[in-house]
Amino acid sequence: MKISMIGTGYVGLVSGICFSDFGHEVVCVDKAEEKITQLKRGEVPIFEPGLSTVMERNVTAGRLQFSTDLSSAVADADAVFIAVGTPTRRGDGHADLTYVMAAAEEIARALTDYTVVVTKSTVPVGTNRKMADIIRRTRPDAEFDVASNPEFLREGAAVDDFMRPDRVIVGVENDRAQQVMGDVYRPLFLRDFPIVFTDLESAELIKYAANAFLATKISFINEIAALCERVGADIKSVAKGMGLDGRIGNKFLHAGPGYGGSCFPKDTSALARIGQEHGVPQHITETVIHVNEAVKRRMIDKITDLCDGSVNGKTVAVLGVTFKPNTDDMREAPALTIVPHLVGNGANVRVVDPQGRREGEALLPGVTWETDPYIAAKDADVLLILTEWNEFRALDLSRLAGSMSNPKMADLRNIYSREDVLAAGFTAYDSVGRKS
Ligand code: UGA
């Protein structure tokens, strides 16, 4: 099959590369020339474990190409995927569909034979139908169908999520489009991964509902964590005890400094808007957003308390600033709320992150970047763990405590135990939802 992928952001690039690994002929298209030049040189512009190996394999096999020329990529394709950005529109929380609609119009002009135009971008309910209207208006003679195929991959585990998904969701309007989409995902179907065919609106809503539900689990456990602290319970035991109930499940019940990233914050706020617009307010999702903001503020209070009421003049060594490990992505990371607060209140902040510096430098002015946790912690007052990178999970705690001027730890990902930290010489330890 011939596939074009429009947009080489996170979702577009991973999907395009992985489709070529299924054996399809794929052209990934982007307007950004420098990005395409970089890809043609064999460089992957995002940090995603395993992606460059799959890319190299398929470029070598002649199945994967990169181009700025949308028209020729679309002309031969059986399926054209739109994977351009849908950022939150400034001011109203809505998903900004400018790029999606512009892509649809451009694709329409380039269509030749029957083609399925598929949205991979996360788009509000009704967008696929609007897109079909645009294509029809631009090219009344074109033979096409639209399909909604939301993506569920996680940054840092994207290749595996794509190749071994929990499910594939495809919204279509007729058998012909379903046949094409079935062929696109045939390798997964043969390996028994579930493919759910549904209508366009349901597919669009599944994506928002799934992300909002996962965000709900996180906000829920973060609120329970605050209660644990007050009543002397331990969030890890509580989450484990809850999660062993198969109806609840143990995933996404890790308490922490709040969810971040390019998806949960954007999609929860878009779902809240969609609900309001249709006169069906999504109260739970609205509260989830509110709780997530409150969690970040609660984390600031914790650090301030460890500093005896003021961070002014204190040295804080921050381990991890990306929104989660195994990514260089800083979008909506809790660090973007917490670190500027510390700097703004007179703390001397040193940051270590295995991948975050490139993006983080511009976003976190006033901090000093270090590459080694032990150097960052030297003479510091507080060691603050914000992202649970593997390299921070087995630090030599005695060495750290011995070099700090006032060894205290705020472990906002609960990766250490209080007993171990205090036994190593730290004088205070605080975490999330556990005894401090
Ligand atoms: C999320 C979803 O997990 C994917 O299924 C979805 O495809 C993607 O959004 C998207 O819509 O594109 P991602 O944003 O890459 O993926 O990251 P997650 O691993 O879901 O983590 C999101 C945030 O939640 C992180 O800040 C993480 O630290 C936080 N989190 C996650 C917790 O605080 N606790 C948990 O138990 C799990």
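Every read-out reported here was derived from the displayed coordinates using simple, explicitly stated rules and does not represent laboratory data. Nothing here was measured: the structure is a model prediction, and the numbers come from that model. FYI the Cβ positions are ideal-geometry reconstructions off the backbone, even for glycines, and counts take in every protein chain you see.
Taking K and R as +1 and D and E as -1, what net charge do the other residues with C-beta under 11 Å from the C-beta of Ala110 add up to?
Neighbourhood net charge equals -2.
Summing +1 for each Lys or Arg and -1 for each Asp or Glu, what net charge is found among the other residues whose Cβ lies under 13 Å from the Cβ of Trp369?
Net charge around Trp369: -2.
Evaluate the distance, in nm, between pseudo-label points positioned 7 Å from the Cα of Ala294 and of Asp92 along their respective Cα→Cβ axes.
The answer from the label model is 2.9 nm.
Which value, in debye to the nearest 20, gives the size of the charge dipole of the chain about its Cα centre, when Lys and Arg are +1 and Asp and Glu are -1 at the Cβ? Walk me through the numbers on the way to the answer.
On the way: 49 positive and 60 negative charges, 156 e Å.
The calculation lands at about 740 debye.
Find, to one decimal place in angstroms, the Kirkwood hydrodynamic radius of the chain, where the mean of 1/r is taken over every pair of different Cα atoms and then inverted.
23.3 Å
Would you please give the FRET efficiency between Asp160 and Ser405, computed as 1/(1 + (r/R0)^6) with r the Cβ-Cβ distance and R0 = 41 Å, to the nearest 0.05?
Values: r = 43 Å, r/R0 = 1.04.
It comes to 0.45.
Of Lys207/Lys302; Lys40/Lys324; Lys296/Lys324, which pairs sit farther than 26 Å apart, going by alpha carbon to alpha carbon? Intermediate values should be presented prior to the final figure.
On the way: Lys207/Lys302 34 Å; Lys40/Lys324 29 Å; Lys296/Lys324 15 Å.
Long pairs (Cα-Cα over 26 Å): Lys207/Lys302; Lys40/Lys324.
Pull up the cross-link candidates among the lysines for Lys240, meaning alpha carbon to alpha carbon under 16 Å and not fewer than 8 places away within one chain.
Within reach: Lys217, Lys251.
Using the Cα centre of segment 2-198 as the reference point, and only Cβ charges (+1 on K/R, -1 on D/E), how large is the resulting charge dipole? Debye, rounded to the nearest 20.
180 debye
What is the spin-label model distance, in nm, from Lys240 to Asp420 if the labels are put 7 Å beyond Cα along the C-beta direction?
About 1.4 nm, to one decimal.
Among the trypsin sites (Lys or Arg not before Pro) in segment 246-309, which ones are in a DSSP loop with at most 11 other Cβ atoms within 10 Å of the Cβ? Mind listing them?
Within segment 246-309, the qualifying trypsin sites (Lys or Arg not before Pro) (loop, at most 11 other Cβ atoms within 10 Å) are Arg247, Lys251.
I'd like the distance separating the alpha-carbon centroids of segment 73-112 and segment 252-283, in whole Å.
Segment 73-112 and segment 252-283 have Cα centres separated by 23 Å.
Using only DSSP helix segments of four residues or longer, with each worth -39500 (n - 2.57), what per-residue ellipticity at 222 nm results for the chain after dividing by its residue count and rounding to 500?
Computed mean residue ellipticity for the chain: -13500 deg cm²/dmol.
Give me the percent of DSSP beta bridges within segment 2-198 that run antiparallel, rounded to the nearest 5.
If we restrict to bridges inside segment 2-198, about 5 percent are antiparallel.
So, R0 is 51 Å and r is the distance between the beta-carbons of Arg136 and Leu227; what FRET efficiency does that work out to, to 0.05?
Efficiency, from the Cβ-Cβ distance: 0.40.
Efficiency by 1/(1 + (r/R0)^6): what FRET value for Trp369 and Arg186, r their Cβ-Cβ distance, R0 = 45 Å, to the nearest 0.05?
Details: r = 47 Å, r/R0 = 1.04.
Taking R0 as 45 Å, the efficiency between Trp369 and Arg186 is 0.45.
How long is the gain from Thr112 to Ala32 if the chain were fully straight, where each residue apart is worth 0.36 nm and the alpha carbon distance is subtracted?
Contour length minus Cα-Cα distance gives 26.3 nm.
Once label points are set 7 Å from the Cα along Cα→Cβ at both Glu173 and Ile46, what is their separation, rounded to one decimal in nm?
2.9 nm
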